[in-house]
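A.B. asks: Before I ask anything, here is the structure I am working with.
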Amino acid sequence: MSKLFTPIQIRDLEIKNRLWVAPMCMYSCENQDGVVGEFHLVHLGARALGGAGLVIAEASGVNPAGRITPWCPGIWNQQQVGAWSKVVDFIHSHGSKAGIQLAHAGRKGSTHREQSGAGSIEVSSGGWETVSATDQAFPGYAAPRRLGAAEIAALVEDFAKAGRNAIEAGFDVVEIHAAHGYLLHQFLSPLTNDRTDEYGGSLENRARLLLEVVKAVRDAIGNAPLLVRFSATDYVEGGWDQEQTNQVAIWCKQLGADLFDISSGGLVTGVKIPTGPGYQVTLAESAKTATGTAVAAVGQITSGKQAEEILQQGLVDVILAGREFLRDPFFGLRAAHELGESVSWPVQYSRGQWPSA
Ligand SMILES: Cc1cc2nc3c(=O)[nH]c(=O)nc-3n(C[C@H](O)[C@H](O)[C@H](O)COP(=O)(O)O)c2cc1C
């Protein structure tokens with residue numbers, strides 16, 4: 001049997017395979033209220049039909065200012081919980097598990113979506129004042145306001161409440177987004193954290209907000225698996241790097257994180273990211289070696305064979321695929337076919353199965 005289609009157990013949750021849908025922003029809450037609708041039901045539901053073991057819903061704001069754009073989903077109120085639960089129920093009814101990424105965009109929030117323009121949206125046009133570890137702007141965006149201590153405490157509570165809401169909506173897995181230059185990454189990296197209080201300076205201080213969030217969300221979600229997504233490196237000398245990622249991941253593990261989802265970049269512009277097939281696998285492997293905890297690899301993994309080879313190398317536990325699942329919602333079923341695995345198909349589609357060789 002392939003490793004890719006060997007179930008994985010995290011806490012009490014068994015996930016039927018190790019090919020999961022990576023979180024991907026869809027900017028499709030058309031009423032700008034963070035409430036998901038038909039688009040998300042069809043989009044995420046199709047990937048459950050298509051054989052993904054876990055479908056992780058996109059970056060979802062823990063409060064209104066935590067969204068990247070006004071069209072991003074939220075998980076801060078009951079209307080959003082009710083809407084998500086319909087999507088989750090559908091995913092479950094097709095044998096997949098559902099996850100959600102809890103996010104705060106920080107200084108990269110209040111921006112346009114591709115079809116509406118570029119850069120920041122003015123407050124007068126439906127945008128909002130952004131907040132961050134710093135008052136320095138992301139290039140091309142409006143400058144944020146530096147968060148004060150009381151606001152940071154409220155933010156931790158927003159993450160916890162979002163975690164409780166996620167469980168109420170039926171999600172099996174919760175991921176904290178600490179990557180790609182969004183708020184938690186803005187606190188982690190010395191390039192964007194210029195604070196002089198207890199949330200800035202040393203690694204312990206820069207990691208303090210993330211660790212408070214991990215602890216609060218862990219307490220809020222019962223025994224559900226907790227994932228943390230890191231950018232392992234800013235690809236800039238003096239920035240966030242693999243060594244700091246590994247150390248902070250160890251601290252997250254001590255607070256109850258179960259799996260590290262290892263990505264990279266996104267904090268600053270103008271860096272050259274060495275992309276290519278499986279380009280972030282070694283970053284995940286390093287985190288695995290340092291923490292001894294399960295890790296997911298992501299980034300240009302586009303076939304069942306490639307995914308299986310990465311798992312066979314022995315350090316990575318799970319494969320996340322983003323764009324391949326956009327190209328083909330049935331990537332899970334196709335990967336199984338490629339590896340000669342017999343997996344259960346949606347009964348409605350059974351006549352579409354590839355003929356056996
Ligand atoms: C359309 C799109 C939206 C994305 N949105 C998110 C997101 O909400 N949260 C996140 O952590 N990463 C996001 N990503 C990054 C993906 O999760 C993934 O890490 C990246 O696409 C690399 O994997 P791939 O080569 O399989 O696509 C997004 C990527 C794409 C293509």
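The values are calculated or read from the model by the stated rules, or taken from the named source; none is laboratory data. Keep in mind that what you see is a predicted model, and the values were worked out from it rather than measured. Every residue, glycine as well, gets a Cβ built from its backbone with ideal geometry; the counts of neighbours run over all protein chains shown.
A.B. asks: Among (1) within 30 Å of Val213 (Cα to Cα); (2) in contact (Cβ under 8 Å) with a residue 60 or more places away in the chain; (3) of a type in the set (S, T, N, Q), there is one condition Gln312 misses while meeting the rest; what is its number?
C.D. replies: Checking Gln312 against (1) within 30 Å of Val213 (Cα to Cα); (2) in contact (Cβ under 8 Å) with a residue 60 or more places away in the chain; (3) of a type in the set (S, T, N, Q), the one that fails is (1).
A.B. asks: OK, next. Could you check the range 286-339 and list, in sequence order, the residues that are more than 10 Å from the ligand (Cβ to nearest atom) and of a type in the set (Ser, Thr, Tyr)?
C.D. replies: Ser286, Thr289, Thr291, Thr293, Ser303
A.B. asks: Now a separate question. Picking from Glu324, Glu341, which residue would you name as being out of contact with any Cys (no Cβ under 8 Å at 6 or more places or on another chain) and under 25 Å from Ala179 (Cβ atoms)?
C.D. replies: That would be Glu324, the only listed residue that is out of contact with any Cys (no Cβ under 8 Å at 6 or more places or on another chain) and under 25 Å from Ala179 (Cβ atoms).
A.B. asks: May I ask you to list the residues in the range 331-346 that are of a type in the set (A, V, I, L, M, F, W, C), farther than 16 Å from Gln300 by Cα and either crowded, with 20+ Cβ neighbours inside 10 Å or free of Cβ contacts under 8 Å to residues at least 12 places away in the same chain (or both)?
C.D. replies: Within the range 331-346, Leu333, Ala336 meet the criteria.
A.B. asks: Here is a check on your reading of the model: is Trp240 in contact with an Asp or Glu (Cβ under 7 Å, 6 or more places away or on another chain) and under 16 Å from Ala207 (Cα atoms)?
C.D. replies: yes
A.B. asks: I'm trying to understand the selection: among the residues of the range 129-155, which are within 24 Å of the chain's Cα centre (by Cα) and either part of a helix (DSSP H, G or I) or more than 17 Å from Thr192 (Cα to Cα) (or both)?
C.D. replies: If the condition is that a residue be within 24 Å of the chain's Cα centre (by Cα) and either part of a helix (DSSP H, G or I) or more than 17 Å from Thr192 (Cα to Cα) (or both), then Glu129, Glu151, Ile152, Ala153, Ala154, Leu155 are the ones that fit.
A.B. asks: Given the conditions (1) basic (Lys, Arg); (2) under 26 Å from Asp158 (Cβ atoms); (3) at pLDDT below 95, which single one is not true for Arg218?
C.D. replies: Going through the list (1) basic (Lys, Arg); (2) under 26 Å from Asp158 (Cβ atoms); (3) at pLDDT below 95, Arg218 breaks only (3).
A.B. asks: Within the bounds of the range 265-278, is there any residue that is buried (at least 20 other Cβ atoms within 10 Å of the Cβ) and among the charged types (D, E, K, R)?
C.D. replies: no
A.B. asks: I want to confirm something. Restricting to the range 1-21 and keeping residues that are surrounded by fewer than 23 Cβ atoms within 10 Å (Cβ to Cβ) and in contact with a strand residue (DSSP E or B) (Cβ under 6 Å, 6 or more places away or on another chain), which single residue is nearest to Val87 (Cα to Cα)?
C.D. replies: Ile15
A.B. asks: Could you please find all residues in the range 99-128 being small (Gly, Ala, Ser) and assigned to a loop (DSSP other than H, G, I, E, B)?
C.D. replies: Matches in the range 99-128: Ala105, Gly109, Ser110, Gly117, Ala118, Gly119, Gly126, Gly127.
A.B. asks: (1) farther than 28 Å from Thr134 by Cα; (2) surrounded by 24 or more Cβ atoms within 10 Å (Cβ to Cβ): which one isn't true of Lys305, the others all being true?
C.D. replies: Looking at each condition in turn, Lys305 falls short on (2).
A.B. asks: What pairs come up if the first residue lies in the range 256-273 and is within 18 Å of Phe187 (Cβ to Cβ) and more than 16 Å from the ligand (Cβ to nearest atom), the second is among the hydrophobic types (A, V, I, L, M, F, W, C) and part of a loop (DSSP other than H, G, I, E, B), and their beta carbons are under 9 Å apart, counting only those six or more places apart or on different chains?
C.D. replies: Note: pairs meeting the criteria are Val268/Phe138; Val268/Leu191; Val268/Val236.
A.B. asks: Still on this model: Consider the range 77-104. How many of its residues are in contact (Cβ under 8 Å) with a residue 60 or more places away in the chain and either surrounded by 21 or more Cβ atoms within 10 Å (Cβ to Cβ) or among the aliphatic types (A, V, I, L, M) (or both)?
C.D. replies: Residues that pass the stated criteria total 13.
A.B. asks: Something else: Among the residues of the range 55-100, write down those that are closer than 20 Å to Phe159 by Cα and among the hydroxyl-bearing types (Ser, Thr, Tyr).
C.D. replies: Ser60, Thr69, Ser85
A.B. asks: When you scan the range 1-87 for strands (runs of 3 or more DSSP E) that lie fully inside it, which ones turn up with 2 or more residues that are away from the ligand (no atom under 14 Å from the Cβ) and not charged (D, E, K, R)?
C.D. replies: The qualifying strands (runs of 3 or more DSSP E) are 8-10, 13-15.
A.B. asks: While we're looking at this one, here's another question. Would a scan of the range 93-105 turn up a residue that is within 14 Å of the ligand (Cβ to nearest atom) and under 19 Å from Ala297 (Cβ atoms)?
C.D. replies: Yes, there is a match, as at least one residue in the range 93-105 is within 14 Å of the ligand (Cβ to nearest atom) and under 19 Å from Ala297 (Cβ atoms).
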